[in-house]
Amino acid sequence: MATARDIQLRIRSIQNIAKVTGALEAVAAVKVHHAQQQALSSRPYIETAQHLMRSIVSPHLVSTFDLLKPRSEVNRIAVLLITSDRGLAGAYNVRIVNMALDFEQEQSAPVHYYIVGRKGQSIMARRKADVAVAFGDIPSRPSVDYAHGIARVIESAYTDRHCDIVYLLYTRFVNLIEQEPVIKQLLPVIPEQNSDSPTIPTIPYSYEPDEEAVLEELVPHYVENVIFQALLEAVASEHAARMTAMHSATNNANDLVDELTLSYNKARQLAITSEMLDIVGGSEALSQSNHDQMLEGSEN
Amino acid sequence: MPMKCQIVTQERLVFEGEIDSIIVRNERGEMCILPGHEPLISVLTIDALRLRHDGEEELYAIGGGIIKVDGDSVVILANTAEAAYEIDTVRAEEARKRSLAAIERIEGMRTRQVKDISEEADRIQRERDAHNAARRRALVRLAVARKADGNAASVENERRV
């Protein structure tokens with residue numbers, strides 16, 4: 001049986017852990033909020049960009065654009081995988097990596113990876129996946145410039161025929177409790193169909209200088225934006241996952257402290273009782289021997 | 001009749017509101033868009049943009065982008081966009097010097113290179129274009145910040161200096 005002191009030490013260390021997890025939870029909550037805010041403020045751009053893509057892209061134009069035209073033969077598949085730098089976020093990284101590996105299993109062509117985030121990099125290296133480029137750390141506040149850098153690397157790999165199709169894998173932010181890993185085709189670009197407005201009447205726009213020039217300007221920014229959005233959602237999801245994980249860690253720690261406090265009280269009580277028994281037993285023994293002496297004296 | 005206008009970048013909504021007219025520039029030159037303009041999609045150059053509403057004019061520095069006009073609404077998808085008062089002139093000045101130095105360095109490289117490997121030349125050309133664009137962005141920002149009617153004319157003048 002542990003002594004009261006041992007238990008007290010354990011309680012203190014668990015209380016300290018609860019403090020740390022509680023702080024991590026609070027920090028994550030602030031960061032989720034920020035990431036959500038950032039994602040929200042870039043929404044008008046996406047909506048218009050998607051609208052533009054849908055109104056411009058015609059079958060005739062698709063065939064002339066490398067970034068839009070599906071390749072007849074897919075020999076190599078690239079996956080852009082977005083993970084986090086740090087753990088303590090529950091199953092966040094494991095889920096997305098498992099999805100990537102499951103996806104790889106289903107493909108007939110070889111798959112190689114472009115990875116954002118240190119965790120993904122180390123997990124994929126351990127699983128012996130083919131990593132073409134590891135971009136390293138994921139910024140805590142992803143910027144357009146950062147997304148731009150990634151987009152250029154991937155686009156040149158695509159145009160140089162290092163891959164024939166590029167998928168994007170990231171964790172979609174549903175809400176604070178739910179985040180789900182998703183897979184999207186990045187290249188060749190498929191203009192996303194907005195569910196709200198399935199058929200917009202096509203307005204006969206005039207183009208200056210022409211459709212090709214507009215598309216040439218739009219497509220790279222569109223790709224960049226898809227990556228940028230994925231980064232924002234991934235960051236929001238990471239912090240939300242960490243928040244949930246740290247919340248339950250704090251709860252568990254508190255439960256444990258409660259339980260240990262009970263055993264501490266018991267152990268303390270036990271110690272007191274046994275001490276008292278010692279004292280009482282001792283004094284009893286003493287008075288017993290006095291009594292005996294008295295009896296012996298009276299006999300004489 | 002005013003028209004709705006939005007200037008958006010990937011990061012934020014820069015301007016939203018009702019305007020009377022907007023003046024932008026594309027490859028072919030300056031154009032003024034008034035309510036009821038025909039539906040148009042065009043590529044904008046790195047330039048100043050002018051909004052007029054309630055008799056006032058606002059200047060923005062645009063780092064290229066796309067404009068979409070639909071009757072009574074104008075949306076600008078800008079690569080970068082700042083209102084005149086938001087521009088950090090010190091930073092823009094530094095960017096101008098930096099890009100100029102880079103351009104000069106590339107020019108120097110060019111004259112030295114005798115063997116013209118096309119791939120290398122391509123890469124250098126791309127790099128040069130990027131620096132030129134950076135320089136132009138910086139110039140437009142400076143011009144807009146100075147409120148010196150940031151149209152291309154003043155930008156052109158600056159270029160010659």
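I want the antiparallel fraction of DSSP beta bridges within the range A:27-243, as a percent rounded to 5.
35
What is the spread of the Cα atoms of chain A along each of their three principal axes, largest first, in whole Å?
Between the extreme Cα coordinates on each principal axis of chain A lie 134, 38, 29 Å.
What is the set of long-range amide H partners of residue A:79 at a cut-off below 5 Å, with H atoms built 1.01 Å from backbone N?
A:112, A:113, A:114, A:167
In what order do B:32, A:163 fall by count of nearby beta-carbon atoms within 10 Å, going from fewest to most?
B:32, A:163
Could you give the size of the charge dipole of the range A:1-148 about its Cα centre, using +1 on the Cβ of each K and R and -1 on the Cβ of each D and E, expressed in debye and rounded to the nearest 20?
The calculation lands at about 600 debye.
So for B:144, A:214, A:111, fewest C-beta neighbours within 10 Å to most, what's the order?
Arranged by neighbour count, lowest to highest, B:144, A:214, A:111 become A:111, A:214, B:144.
How much of the DSSP beta bridge set in the protein assembly as shown is antiparallel, as a percent to the nearest 5?
65
Could you count how many Lys pairs in chain A have their Cα atoms under 20 Å apart, skipping same-chain pairs fewer than 8 positions apart?
Counting lysine pairs in chain A gives 4.
So what is the relative contact order for chain A, in percent, with contacts set as C-alpha pairs under 8 Å and at least six apart?
31
For A:60, A:34, what's the fewest-to-most ordering of other Cβ within 10 Å of each Cβ?
Ascending number of Cβ neighbours within 10 Å: A:60, A:34.
Taking a cut-off of 29 Å between Cα atoms, list the lysines near residue B:97, but don't count ones fewer than 8 places away on the same chain.
Within reach: B:147.
List every residue whose amide H lies under 5 Å from the amide H of residue B:80, counting only residues 5 or more places away in sequence or on a different chain, with H placed 1.01 Å from N in the peptide plane.
B:63, B:64
Write down the Kirkwood hydrodynamic radius of chain B, to one decimal in angstroms, obtained as one divided by the mean of 1/r over all alpha carbon pairs.
16.8
Sum -39500 (n - 2.57) across every DSSP H segment of at least 4 residues in chain B, then divide by the residue count to get the 222 nm mean residue ellipticity, nearest 500.
Rounded to the nearest 500, the figure is -13000 deg cm²/dmol.
In deg cm²/dmol, rounded to 500, what helix-only [θ] at 222 nm does chain A give when every DSSP H run of at least 4 residues adds -39500 (n - 2.57) and the total is split over its residues?
-22000 deg cm²/dmol
Go through A:103, A:244, B:73 and say which Cα lies farthest out towards the positive end of the charge dipole of the protein assembly as shown; charges sit on Cβ, +1 for Lys and Arg, -1 for Asp and Glu.
Of the candidates, A:103 comes out farthest on the positive side.
Which of B:125, B:53, B:26 sits farthest toward the positive end of the charge dipole of chain B, with +1 on the Cβ of Lys and Arg and -1 on the Cβ of Asp and Glu?
Of B:125, B:53, B:26, it is B:125.
In percent, how large is the relative contact order of chain B, given Cα pairs closer than 8 Å and 6 or more residues apart?
21
Under unit Cβ charges (Lys, Arg +1; Asp, Glu -1), what dipole magnitude, rounded to 20 debye, does the protein assembly as shown have relative to its Cα centre?
Taking the Cα centre of the protein assembly as shown as origin, the dipole is about 1320 debye.
With +1 on the Cβ of every Lys and Arg and -1 on the Cβ of every Asp and Glu, and nothing else charged, how large is the dipole of the range B:3-86 about its Cα centre, in debye rounded to the nearest 20?
280
Let me check I have the definition right: for the range B:3-86, take the eigenvalues of the Cα gyration tensor, multiply each by 5, take square roots. What are those semi-axes in whole Å, largest first?
Equivalent ellipsoid of the range B:3-86: 16, 15, 12 Å, largest first.
Readers should treat all values here as calculations from the given coordinates under stated rules, not as data from a laboratory. As the structure is a prediction and not an experimental result, all values here were calculated from the model. So basically every Cβ, Gly included, is an ideal-geometry build from the backbone, and we count neighbours across all protein chains shown.
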